[in-house]
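So the structure is just underneath, and the comments pick up after that.
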Amino acid sequence: MPELPEVESATRRLRDAMVGRVVQRVETLHASTRRALPDDAAARVAGRAVRAVERVGKHQWIRLDDGSALHAHFRMAGDWAMSTADAPPPAHARALLLLDDGVRVALVDPRALATLQWRGADVAPPALGPDALDPAWDADALGRALHGRRLAIKPALLDQRIVAGVGNIYAAEALWRARLDPRVSAAALGPGRRARVVEGVRTVLRDALDAPGRYQDGEALERLAVYGRAGEPCARCGARVRRIVQAGRSTYFCPGCQGR
């Protein structure tokens, strides 16, 4: 699933293509996309100018000049593809946005799970925690969000109401950076260990933003220290990386240097 760095990279490309342009037409090409963006909602977007493109966590907002917005979520495998309007649509295109400069923006998704929805100015956004790269998200903010939560720190980082943008891969990588066992109780973390978690999250996300490709691409995969490396020696201490299951998701960690 695309996590914050991949969504941020896609958002920047979308911003460059759309801000200041007028959306002439929106076409939905798949039944699941039409359910999320029915014809009457797509018609509301036609003729509207794009004022801003924003990201919060894994969510993207295309802000229009009447105060409404298109809300996009990639889910498991979504992405944006830009081309000219006269080029063949890309494979797995689920929605097309035609702009007044001849650029066509396609929401592509081989699994057809990505969503694109119209939101009126009065519609509240999803309830999310602070963005993982927001400077205001610190050890104290994390402590308040974790207070009274009966779960381990790794599943806690996946809860978008605690912190927005972290997914399964970068949560495991962040805890390796923090030298913290993913099974430790989230509520039991003191200020020092919470600060290590925050710094670990920020470090892996910023490193990923600077690296090319999505995490599943070969070049990008090389930057991962523990995820997907069960049985391999830890790059820091040499112990064998372990895989366990937490809340139905794979967790990778080093038992040698990630202390509880």
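Could you check the spin-label model distance between D65 and E232? Points 7 Å from the Cα along Cα→Cβ, value in nm.
5.1
I need the phi-derived Karplus couplings for region 89-105: 6.51 cos²θ - 1.76 cosθ + 1.60, θ = phi - 60°, integer Hz, Gly and Pro marked x.
For region 89-105, the Karplus-derived couplings read x, x, 4, 6, 5, 10, 8, 10, 10, 8, 9, 6, 9, x, 7, 10, 9 Hz, x marking Gly and Pro.
In the Gaussian network model of the chain, springs joining C-alpha atoms below 10 Å, which of G192, G167, G120 carries the largest mean-square fluctuation?
Among G192, G167, G120, the largest GNM mean-square fluctuation belongs to G192.
If the elastic network links every pair of Cα atoms under 10 Å, which of W137, W176, W61 fluctuates the most in the Gaussian network model of the chain?
W137
For each of V226, V245, count neighbouring Cβ atoms within 10 Å of the residue's Cβ, then give the residues from fewest to most.
The order, fewest Cβ neighbours first, is V245, V226.
What is the sum of charges, Lys and Arg at +1 and Asp and Glu at -1, for the other residues whose Cβ falls under 12 Å from the Cβ of R111?
Neighbour charge sum, excluding R111 itself: 0.
Helix-only mean residue ellipticity at 222 nm, the chain, DSSP H runs n ≥ 4 weighted -39,500 (n - 2.57), per residue, nearest 500. What is it?
About -8500 deg cm²/dmol.
So I have (1) 23; (2) 6; (3) 14, and one of them is percent of Cα pairs over 35 Å apart calculated from this model. Which one is it?
Given (1) 23; (2) 6; (3) 14, the structure-derived one carries the label (1).
What is region 4-119's relative contact order, in percent, from Cα pairs under 8 angstrom and six or more apart in sequence?
Worked out over region 4-119, it gives 30 percent.
Pop out the ³J(HN,Hα) list for region 235-248 in order, Karplus 6.51 cos²θ - 1.76 cosθ + 1.60 with θ = phi - 60°, rounded to Hz; leave Gly and Pro as x.
5, 9, 10, x, 5, 6, 5, 10, 10, 10, 10, 10, 6, x
Applying a 10 Å radius around every beta-carbon, put 147-153, 193-199 in order of their mean neighbour count, most first.
Going from most to least packed, we get 193-199, 147-153.
List the relative contact order of region 139-253 as a percent without decimals, with contacts defined as Cα pairs under 8 Å and 6+ residues apart.
26
Just want to confirm a number: the relative contact order over the chain, from Cα pairs under 8 angstrom separated by 6+ residues, in percent.
Worked out over the chain, it gives 16 percent.
If you build a Gaussian network model of the chain, linking Cα atoms that sit under 10 Å apart, which residue out of V105, V204, V184 swings the most?
V184
Values quoted throughout were computed directly from the atomic coordinates according to the rules given, and no laboratory measurement underlies them. Treat the numbers as computed from the prediction; the structure is a model and nothing was measured. Reconstructed Cβ throughout: ideal geometry from the backbone, glycine too, with neighbour counts over all protein chains shown.
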